[in-house]
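**Q** A single structure is presented below for examination.
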């Protein structure tokens, strides 16, 4: 039996080394990377309602259709010219992440600048109305209607939407 | 041979049969394997049904609207988790529970443990799926199952790994065939990346990198390894030829084990990750050409000149469909990691086409190949040839239809975005492609229905019940000794 074990032993050692290499490269090394471990200048932490809105965003699976990463490539040019490409520090307060891998719907990383709080009630009304019935605003939209969310849930989700990227418009006052 | 065959089957016999293959009471040969395998078939049907519902929602969003549990975003997570942990994990673990005792010439360490873990896995997954539908989710792709359902999977996997690994260690056959290597690759690292991915949330981009490290290992060295183990086992037997080269399978195995765990970062090429993560993942993804090529040459060479078997054996045809899909999806995946192509097509439907070619092409066809092989060669049962032919052609056309419709749509989307179009402006373009996708899924679902009918008729025909009775007799004699 000992002999038999030794025949599988090299396979197990080999696999452990190969897996361990990838583990240290992709899991351990990022912890020590400064661009990931520090927040972008001006980034603001989420308020409790925004954080709750974020949880609803994840619970309802918005992330499967909406990415939150603008890349510095030509396909993202309309987004990156107006808003700039995403940097690792922008996601400092995002836990869990919601970067997304698909664009069935538009990228939302700057939604708080598209429907800014500065526009007042009209922006909020648009966002809430659109959550409840997207096809009232765009008949061809395939977004699910989130009419089953409660008013407070819709309000928190809207807070989260309006927080996305909004910090880029309001740089904190420089402290000397 | 003292039993007299009964030729007429009553419903009571069928209930009796069902109880026999599901209860853990008797240490009967291949019992654990059957529970795993048929659970996989059950979840496969659920997965396809949910997939078709979702596909319909993508061109007719009012479909089943207003029921939170059936909202698109929740069903999406149920669809993927049942696909990964239900259909593919369980089905291919069934295949592993079949292959390992035969390749090691040793009975499974504990059939009872095998059956209990299978039922535990089933109940846990059912609970997890219901929890996601009720809105409990961790909210990250492929990590949705909430606590405690996620950790239970990790614990049960350790029991399965212990069961199969003990069988390998206690084996009577000294040679370790390549299928066993792949099963070991699947079983051993799983608890590490699974726990890491599901245990807690990390910060920002680090969380994303770990999310993809976990997810890609789940596809690469859990599902792919189990799938390839199965194909390496059945293809030479179906083709009735030895594998072309064990050296090439050795090369394919070790290069896959070396490169696949690095692939996770290719979901964030051009994204907000450090350059070296991108460089490592792109390199590893493109290096996946090596194991893909090795598998391609090995299976291709084995299958060369077996035209007569292709005509005769539906199971073998499914094997080749799985093989072609594996090669296609792997080359496509490596191609999509090339930075210029990734910039255009990463967020488009082309990624969806690629994943589905892997899942329904390689995953579904490979499992079907194994089940037909098991019925015909393992159990010596005669299944309906015409139903099997319908099943094959509906599945094959469905796979091609899905891949082409989503692949072409992804190509058009990527090019339109490259030309400066917005996501919203492509909605009219998508409509008919999404209809074609749902229709392809529907074909696969119909094929699956015919397969279930065929499977049921085959497993409850008199010979099947008789062979089960003989197995039982053998076990009783062994226990009496």
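The values are calculated or read from the model by the stated rules, or taken from the named source; none is laboratory data. Small disclaimer: the values here were computed from a predicted structure and weren't measured. Every residue, glycine among them, receives a Cβ derived from its backbone with ideal geometry; neighbour counts consider all protein chains shown.
**Q** How many residues does region B:403-419 contain that are within 9 Å of another protein chain (Cβ to nearest Cβ) and buried (at least 21 other Cβ atoms within 10 Å of the Cβ)?
**A** 3
**Q** Would you check if residue B:221 is more than 23 Å from the chain's Cα centre (by Cα), surrounded by 24 or more Cβ atoms within 10 Å (Cβ to Cβ) and within 10 Å of another protein chain (Cβ to nearest Cβ)?
**A** Taking the combined requirement at face value, the residue does not satisfy it.
**Q** Of A:121, A:90, which residue is modelled with pLDDT under 95 and under 30 Å from residue B:275 (Cα atoms)?
**A** After ruling out the rest, the residue left standing is A:90.
**Q** In region B:420-463, how many residues are assigned to a helix (DSSP H, G or I) and either within 14 Å of chain A (Cβ to nearest Cβ) or more than 17 Å from residue B:53 (Cα to Cα) (or both)?
**A** Final tally of qualifying residues: 26.
**Q** Say we look at region B:260-277 and pick out the residues that are without any contact (Cβ under 8 Å) to a residue 40 or more places away in the chain and surrounded by fewer than 23 Cβ atoms within 10 Å (Cβ to Cβ); which of these is farthest from the other protein chains (Cβ to nearest Cβ)?
**A** B:275
**Q** Hey, another quick one. Working only within region B:435-481, note down all residues that are within 30 Å of residue B:348 (Cα to Cα) and over 24 Å from the mean Cα position of the chain (by Cα).
**A** Within region B:435-481, just B:435 meets the criteria.
**Q** Within region A:96-130, how many residues are crowded, with 18+ Cβ neighbours inside 10 Å, facing chain B (nearest Cβ under 7 Å) and either assigned to a helix (DSSP H, G or I) or free of Cβ contacts under 8 Å to residues at least 40 places away in the same chain (or both)?
**A** 5
**Q** Within the bounds of region B:128-135, is there any residue that is assigned to a loop (DSSP other than H, G, I, E, B), touching a helix residue (DSSP H, G or I) at 6+ places or on another chain (Cβ under 8 Å) and touching a residue at least 60 places away in the same chain (Cβ under 8 Å)?
**A** yes
**Q** Report yes if residue B:340 is within 30 Å of residue A:71 (Cβ to Cβ) and either modelled with pLDDT under 95 or in contact with a helix residue (DSSP H, G or I) (Cβ under 8 Å, 6 or more places away or on another chain) (or both), otherwise no.
**A** yes
**Q** Would you point out the residue of region B:157-178, among those that are facing chain A (nearest Cβ under 7 Å) and not in a loop (DSSP other than H, G, I, E, B), that is nearest to the chain's Cα centre (by Cα)?
**A** B:168
**Q** Something else now. Looking only at region A:23-60, count every residue that is in a loop (DSSP other than H, G, I, E, B), free of Cβ contacts under 8 Å to residues at least 60 places away in the same chain and crowded, with 23+ Cβ neighbours inside 10 Å and tell me the total.
**A** 0
**Q** A further question on this structure: Here's a check for you: in region A:86-95, which residue that is outside any helix (DSSP H, G or I) and surrounded by fewer than 22 Cβ atoms within 10 Å (Cβ to Cβ) is farthest from the other protein chains (Cβ to nearest Cβ)?
**A** Across region A:86-95, the extreme among qualifying residues is A:93.
**Q** Just to confirm my filter: which helices (runs of 4 or more DSSP H) fall fully inside region B:300-410 and include at least 2 residues that are over 17 Å from residue B:234 (Cα atoms) and within 21 Å of the chain's Cα centre (by Cα)?
**A** Ranges flagged: B:314-336, B:349-356.
**Q** Let me ask something else. With the condition kept exactly as written, say whether any residue in region A:61-81 is surrounded by 18 or more Cβ atoms within 10 Å (Cβ to Cβ), more than 8 Å from chain B (Cβ to nearest Cβ) and assigned to a helix (DSSP H, G or I).
**A** Checking region A:61-81: at least one residue is surrounded by 18 or more Cβ atoms within 10 Å (Cβ to Cβ), more than 8 Å from chain B (Cβ to nearest Cβ) and assigned to a helix (DSSP H, G or I).
**Q** Does residue B:181 fit the bill of being in a helix (DSSP H, G or I), farther than 29 Å from residue B:99 by Cα and facing chain A (nearest Cβ under 10 Å)?
**A** Taking the combined requirement at face value, the residue does not satisfy it.
**Q** A follow-up question, please. How about region B:11-109: which helices (runs of 4 or more DSSP H) wholly inside it have at least 1 residues that are touching a strand residue (DSSP E or B) at 6+ places or on another chain (Cβ under 7 Å), more than 14 Å from chain A (Cβ to nearest Cβ) and at pLDDT 95 or above?
**A** none
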